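The values are calculated or read from the model by the stated rules, or taken from the named source; none is laboratory data. Just so it is clear, the structure is predicted and the values come from calculations on it, not from any experiment. Don't worry about glycine lacking a Cβ; one is built from the backbone with ideal geometry, like all the others, and counts go over all protein chains shown. When the accessible area is computed, the model is the full protein with side chains, heavy atoms only, and any ligands, DNA or RNA have been set aside. Shrake-Rupley method; radii C 1.70, N 1.55, O 1.52, S 1.80 Å.
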Amino acid sequence: MAAPVIETCHVACCANRTPNVVSWGRGGIIAFGTCNSVALYDPQERRVGAILSGHTARVNAVRWVYRQDGGKCQSPSSGHLVSGGSDNRLILWEAQNGKSVECKGHTGPICAVDAIYMEDSNILVASAASDSTVRLWLCNEAKEVECLHTLSFGSGFMMDVSLALLPGSSVPILACGGDDSRVHLYVRSNGQLQKVMSLQGHEDWVRGVEWAFIGGELLLASCSQDCLIRVWRLCAKSGTDAHTEDGHTIIKMKQDVFEVKEREFAVSLETVLAGHENWVYGVHWHPPFYEGGELQQPLSLLSASMDKTMILWAPEEGSGVWVEQVRVGEVGGNTLGFYGCQMSPDGSMAVAHAFHGALHLWCKDQDKEVRGEWRPGVVISGHFNAVQDLSWDPEGEFILSVGSDQTTRLFTPWRKQDAPQATWHEISRPQIHGYDMQCLTMVGRFQFVSGADEKVLRVFQAPRNFVDNFANISGTSREKLLASSDSANLPEGASTPALGLSNKAVFQGKTLFQCSGWAEQFNSISDQYQESYFQPLNLTEPPPEDHLLQNTLWPEVQKLYGHGFEMFCLASDSSRTVVASACKASKAEHAAVLLWSTATWRQLQTLPCHTLTVTQMAFSPDAKFLLAVSRDRTWSLWRRNLPTPERPEPQFSLHTHTGKETAIHSRIIWSCDWSPDSKYFVTSSRDKKVIIWGPCRQDDSREPVLPPEIKPCSSILDVGDSATAVAFCPVLYSNNSYLLAVGLECGRILLYKWSTGEEPVRGHDWSSCGETDSSQSHALAVKRLRWRPRAGRSEIEEKSSWVQLASASADHSVKIFNINKWAV
């Protein structure tokens, strides 16, 4: 079998910010909605195994289809799951092959789903939407879907739904919890969906409901914005229930009775659980499992709340009174709490998803000495909004990304001791900002410049604590890392003052508690607002979310002022001496490129040429040229002047540019890049064209001896969609050909080989080498493509046929692909 051209190495993403969007399957796979897709995450391997794409808007609800008898899937990734989105679509998926069937009918965004296997292998699905309806669907083995019933709630909304089968029968019962503070029960009998009861007691919106089948009875847990959880018991009523024992009446809770097919069922309140201090958004029963051939259903309930805690409840052995067994949560940060919770099939792990999309994993310690203790575990993380830009560090050991979620995140490979291969993880969050992030560029091993929707550029430098932890996690020598930075002046860490945007340095020997004057009386109003203070970490594995929020910031060392509007793009040269920046512009006076010295952080030069926003810039690998492309459909090429005694600092002068007459692109030019030998550059545009220009230097000349004009060297490549990102592979394919990656607005990434010796007139110079398939592609536009500066899929692969490509997308994800350059 031929080696694949493109393999997915890593996907960094997080859950959508909605309550019912995470589901842990009986096969051990966590399914969660991320932007317009459903990700299947394996918590044991710590990587996303598949992405299911089919929705055209945000996925709001995801549930694995389960059997009430606790039956397990044949393999972890098999089975079915159902998802509902803001595109009003309900999709039933086969997890193993990604095949799907759509249920059409809702006229508003779907907010909750549930599904169970019936006895005849049909799948019964319930869905609630903001069109004030709950629908019941049946999908048969031939993948034919029928809407069985539609329940209308007028002007009310149902927040959650849960399905089960009545004890001792195959009759489905549906529980709906909504904004009327009640839990409504419906039974499907004789082809009719009948309302049998409304359970009262909650005093605010019911946010979650879930059934559990225990000992021939059903337990229903409901949670509400009144901070309480109620557990209801549903059992088949026998004829002896009304009798007395020894002449004394048994004291029982009030029972509500309903009849289905000549059988009576009774519902009573089992318990009320009070322990949360804010809205309770999710409840989840311990999944059933088989032990010794018998089905076991532990009587334990997990709940998640906006008070940032998750509680495991269970009845005491002696009294049977429900009490809090375990409470876990996050501390610090300026975040809200949890939207929902799930438990692993064996009950040894629990996951919660937070308001900002982050997953929080806790593992039950199996060590005999501390058995029963829960500790944070390593779990996937990523941006919760569009990723705008990314950059590799000069050595290719980690990657930085910025996004519209106002964060800068750093990912690096980590290999656990017993793991067969390294997995990528977020180990630092250098910047948590108050504006949407837009661009960044590395200016050294541990320094970067970032721009956001503000007029200021900010420069960050890694603290000593990050260098130490990066050495521990990546296995790199600490001394080697410190040698590449000014280690004498490195602060220990960073913290953000209350009501501030700038990360302040914290130096060794000083905690923020000491330097804030907290031991003294408050001197001013601002002293009363405690800073999110830094605690040094000693990490041997990737940190959990609360540490990322508070203890992995990088100190801000400089602000750069000069632009009149919000920042749009950044670039730095290979020698890390010059940074170029550009902002949004609708006039020529604001569209100028500014150059900055990384030695002094002074503004060196203003380069005016374009009339509208400069969308991207790139320095040539030999640092002799600066290329800029613009919304005005033109590009400009700037040449570095030779230094003189009067002007030792870098200076650039305009060499050439395209105008209205010479421009080939007819729409905005989105992206540009240089060939690794600095001979050619490429531009890509919304007009679906990709063009290579040059030559910018002679074959055997180190100095750029420029030809009379720079013109298209390739035929015009039509990629069929708006080309939003383009990148030359830094590893030469062969003497006369180059490998390029092109990212499209639809989310696909294409690989092309361009040969210089071929005749460009007929288009023979371009050859397609491969593209991402539907499971690998992004769901929305590719914002940036960057090749890893060195070859190999891991730290030990130096001379390898594999190269790695990182992509940032508007679908909230950062993906890293392994590309076999000899298989293309």
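Out of Val443, Val402, one residue alone is touching a Gly at 6+ places or on another chain (Cβ under 9 Å) and under 25 Å from Arg602 (Cα atoms). It is Val402.
The listed residues are Ser23, Ser83, Ser37, Ser53, and the only one of them that is open to solvent by 10 Å² or more (accessible area, probe 1.4 Å), in contact (Cβ under 8 Å) with a residue 12 or more places away in the chain and of a type in the set (Gly, Ala, Ser) turns out to be Ser53.
Restricting the search to the stretch 578-601, which residues are within 24 Å of Asn489 (Cα to Cα), assigned to a loop (DSSP other than H, G, I, E, B) and touching a strand residue (DSSP E or B) at 6+ places or on another chain (Cβ under 7 Å)? Matches in the stretch 578-601: Thr598, Trp601. Would you mind finding the one in Ser636, Ser684, Ser671 that is more than 34 Å from the chain's Cα centre (by Cα) and surrounded by 14 or more Cβ atoms within 10 Å (Cβ to Cβ)? Unique residue meeting the criteria: Ser636.
Of the residues that make up the stretch 754-772, is at least one open to solvent by 10 Å² or more (accessible area, probe 1.4 Å), at pLDDT below 95 and within 23 Å of His55 (Cα to Cα)? The answer is yes, given that some residue of the stretch 754-772 is open to solvent by 10 Å² or more (accessible area, probe 1.4 Å), at pLDDT below 95 and within 23 Å of His55 (Cα to Cα). Checking each residue in the stretch 533-567 for being surrounded by 18 or more Cβ atoms within 10 Å (Cβ to Cβ) and not in a loop (DSSP other than H, G, I, E, B) picks out Glu545, Asp546, His547, Leu548, Leu549, Gln550, Asn551, Glu556, Leu560, Met567. Looking only at residues that are within 16 Å of Val38 (Cβ to Cβ) and basic (Lys, Arg) in the stretch 86-131, which one is most open to solvent (accessible area, probe 1.4 Å)? Applying the filter and picking the extreme gives Lys99. Scanning the stretch 399-426 for residues that are modelled with pLDDT of 95 or more and of a type in the set (A, V, I, L, M, F, W, C) returns Ile399, Leu400, Val402, Leu410, Phe411.
Under 8 Å between Cβ atoms, at least 6 apart or on separate chains: pull out the pairs that start in the stretch 729-753 with a residue that is at pLDDT below 90 and of a type outside the set (S, T, N, Q) and end on any residue that is open to solvent by less than 30 Å² (accessible area, probe 1.4 Å) and not in a strand (DSSP E or B). Here the result reads Val731/Ala791; Val731/Lys821; Tyr733/Lys821, each pair linking the stretch 729-753 to a residue that is open to solvent by less than 30 Å² (accessible area, probe 1.4 Å) and not in a strand (DSSP E or B). For Ala236, the test of being farther than 23 Å from Val321 by Cβ, modelled with pLDDT under 80 and either surrounded by 14 or more Cβ atoms within 10 Å (Cβ to Cβ) or hydrophobic (A, V, I, L, M, F, W, C) (or both) is failed. Could you check the stretch 195-204 and list, in sequence order, the residues that are under 21 Å from Gly282 (Cβ atoms) and surrounded by fewer than 20 Cβ atoms within 10 Å (Cβ to Cβ)? Gly201, Glu203, Asp204, listed by residue number.
Applying the selection to the stretch 8-45, what residues are more than 24 Å from Gly282 (Cα to Cα) and either of a type in the set (Lys, Arg) or not in a loop (DSSP other than H, G, I, E, B) (or both)? Scanning the stretch 8-45 gives Thr8, Cys9, His10, Val11, Ala12. Can you tell me which residue within the stretch 422-452, out of those that are among the charged types (D, E, K, R) and under 22 Å from Pro542 (Cβ atoms), is surrounded by the fewest Cβ atoms within 10 Å (Cβ to Cβ)? Per the stated criteria, the residue is Arg445.
Restricted to the stretch 340-392, the set of strands (runs of 3 or more DSSP E) holding at least 1 residues that are over 27 Å from Ala212 (Cα atoms), aromatic (Phe, Trp, Tyr) and open to solvent by less than 20 Å² (accessible area, probe 1.4 Å) comprises 387-392. When the residues of the stretch 132-155 are filtered to those that are crowded, with 16+ Cβ neighbours inside 10 Å and of a type in the set (Val, Ile, Thr), the one that is farthest from Trp211 (Cα to Cα) is Val145. For Arg464, are the conditions met, namely being touching a Leu at 6+ places or on another chain (Cβ under 7 Å) and under 19 Å from Gly377 (Cα atoms)? So Arg464 does not fit the description; no. Regarding Leu570, is this residue in contact (Cβ under 8 Å) with a residue 24 or more places away in the chain, part of a loop (DSSP other than H, G, I, E, B) and under 26 Å from Lys504 (Cβ atoms)? No; evaluated as a whole, the condition is false for this residue. The single condition among (1) open to solvent by 40 Å² or more (accessible area, probe 1.4 Å); (2) under 36 Å from the mean Cα position of the chain (by Cα) that Gly168 does not satisfy is (2). Identify all residues within the stretch 602-618 that are open to solvent by less than 20 Å² (accessible area, probe 1.4 Å) and either out of contact with any Ser or Thr (no Cβ under 9 Å at 6 or more places or on another chain) or part of a strand (DSSP E or B) (or both); write none if there are none. Residues satisfying the conditions are Leu607, Val614, Thr615, Gln616, Met617, Ala618.
Please determine whether any residue of the stretch 226-240 is touching a residue at least 12 places away in the same chain (Cβ under 8 Å), under 32 Å from the mean Cα position of the chain (by Cα) and on the phi > 0 side of the Ramachandran plot. Yes. Restricting the stretch 477-510 to residues that are surrounded by 17 or more Cβ atoms within 10 Å (Cβ to Cβ) and hydroxyl-bearing (Ser, Thr, Tyr), the residue that is modelled with the highest pLDDT is Ser495.
Considering the stretch 661-719, the qualifying strands (runs of 3 or more DSSP E), each wholly inside and each with 1 or more residues that are modelled with pLDDT of 95 or more and under 17 Å from Val614 (Cβ atoms), run over 669-674, 681-685. Considering (1) under 20 Å from His657 (Cα atoms); (2) surrounded by fewer than 18 Cβ atoms within 10 Å (Cβ to Cβ), the lone condition that Arg576 does not fulfil carries the number (1). Taken over the stretch 789-807, the criterion of being at pLDDT 65 or above and open to solvent by 50 Å² or more (accessible area, probe 1.4 Å) is satisfied by Pro789, Arg793.
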